[in-house]
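The values are calculated or read from the model by the stated rules, or taken from the named source; none is laboratory data. The model shown is predicted, which means the values in this text are computed figures rather than measured ones. When we count neighbours, we look across all protein chains shown, and the Cβ atoms used for this are built from the backbone with ideal geometry, even at glycine.
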Amino acid sequence: MNENRSLLNVVNPATGERIGEVPVSTPEEVDAAVGAARRGLEEWRGVSGLERAEIFHEVSRSLRENADGLAVLMTREGGKPYVENHDEVGWAAACFDYYGEIARDNVGYLPAPIEPQQLALVVKEPVGVVACIVPWNYPLLLASWKVAPALAAGNAVVWKPSEETPLASRRVAELVEDLLPDGLLGVVYGAAGVGEALVRHEQVDMVAFTGSQETGRKVGQVAAERLVRTNLELGGKDPFIVCDDVDDVEVAAQGAVWAACLNAGQVCTSAERFYVMKGVVDDFVEAAKSFVEDLKIGDPMDRATDIGPLINEGGLGRVEQHVGEALDGGAELVSGGERWGERGFFYRPTVLLGARPSMRVMREETFGPVVPTVEVESLDEAIALANSVPYALGANVYTEDFEKMLRCMRGLRAGTVWINDPLTDNDAAPFGGQRGSGIGRELGREGLEAFQETKHVHIDPKIQRKEWWYPYGGDEPESGQRTM
């Protein structure tokens, strides 16, 4: 290896120890990956939908067969508990199965023609080479949400995993290398510079990105200059509403703690703001306190561990800052509020009461295991507060009143509204945000169409003069015969 070659040092966030390294892709390697993808694209165009489906099912089987090893890698490099990582591999495999099937019958449709003898077709075609830039919190799942539909639509992909978690992604690339045409799925490694090189590459036709608003804006600006398509998922600050008609407040509190603390709160759709009606707020807070204090924090490789570490010192510092500012501003600490352990980046699951809307813990993405709770007088107040921040990825509601369900469904500005079942994803339903949470959708048929170009083909088998052509000096054309 070249001694001057830059390396990504991969650190175990549970211990702070270095566990591996991956060479940073050079500009020449990025260019080579894009070029190989362009060549692989031509071969992929000739593969039938049935063949593609079979390949996708082989990819899915390979992921499932290697789930144990992949889960270990993901746990060591990302800190998410092994149980959650093992589930993630299964979810990623299911995504490939889903897109392998629906892509077979989503190649276009036939509109009614203008004339009886004509044929009109709407054809769905691939965009070309797609750059997929993926974050560290769900490195395989969020990759599959981009890579699977992009390939299913007939595109080639260059995938850049996060610099924090490249090891499992590299292993997946090795597993599927022999299943796909050469170059069709390339992987490049590095931080912002490598990502920017991909976004700016003249042979990249689309960018699919999940990450921060700040980086998403930069991606969007470059893509706008180049006039290429983007799909941007830019995080959330999801509200969680508990209505006073809920009989079993403990179930709502348990769902709330899970929605806030899954992957130590490092989920794009983590519940980060809790609006609880006055009649049930005391019971909710007491139950949430009990649940967070029963959670097992520690070694993410231990199958009994509920809460692993945050990804790095920066992530831990942000959570400390948000909680500290809330406490300084008058919020009440119900439980937690401190680091845990002598090494690694652990933070105790935390319950706050009385946070104000202006506090950062209620407005900016905290990305940590925090349950900031606000008492509200009515559902109207809760909905207004839920819609008051510039994020709109998801929203959660607990209620047994069907009328309130409908009010929340219509009133909450969010890409997904979960009622009585937080954070459940569905491969067959679209996922994405409104407002500052992004542009476009992943999953479902919408997720496939995001990676397709639409072409209208108009065929008239008869070559003959049309009555509405020049010259206009003759008889008036029949109604409806002009093009404009």
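Structure notes:
- The residue that is nearest to E446 (Cα to Cα), among those in the range 74-87 that are of a type outside the set (G, A, S) and surrounded by 24 or more Cβ atoms within 10 Å (Cβ to Cβ), is N85.
- In the range 290-308, the residues that are over 16 Å from V72 (Cβ atoms), surrounded by 18 or more Cβ atoms within 10 Å (Cβ to Cβ) and of a type outside the set (F, W, Y): V292, I297, G298, D306, I307
- Of all residues in the range 178-204, those being more than 20 Å from the chain's Cα centre (by Cα) and assigned to a helix (DSSP H, G or I) number 6.
- Being of a type in the set (A, V, I, L, M, F, W, C), in a helix (DSSP H, G or I) and in contact (Cβ under 8 Å) with a residue 12 or more places away in the chain is a property that L175 has.
- Scanning the range 223-245 for residues that are over 21 Å from the mean Cα position of the chain (by Cα) and surrounded by fewer than 23 Cβ atoms within 10 Å (Cβ to Cβ) returns A224, E225, R226, L227, D244, D245.
- Scanning the range 370-420 for residues that are under 20 Å from the mean Cα position of the chain (by Cα) and basic (K, R) yields one hit, R413.
- Of all residues in the range 338-356, those that are without any contact (Cβ under 8 Å) to a residue 40 or more places away in the chain, over 14 Å from G315 (Cα atoms) and outside any loop (DSSP other than H, G, I, E, B) total 1.
- Residue in the range 357-366 that is aliphatic (A, V, I, L, M), under 24 Å from the mean Cα position of the chain (by Cα) and assigned by TED's automatic domain parsing to the domain that holds I297 present: yes
- Those strands (runs of 3 or more DSSP E) of the range 368-484 in which at least 2 residues are touching a residue at least 40 places away in the same chain (Cβ under 8 Å), considering only elements entirely within it, cover 370-376, 394-398, 452-459.
- Out of L406, L385, L443, sole residue that is touching a Phe, Trp or Tyr at 6+ places or on another chain (Cβ under 6 Å) and under 22 Å from K278 (Cα atoms): L385
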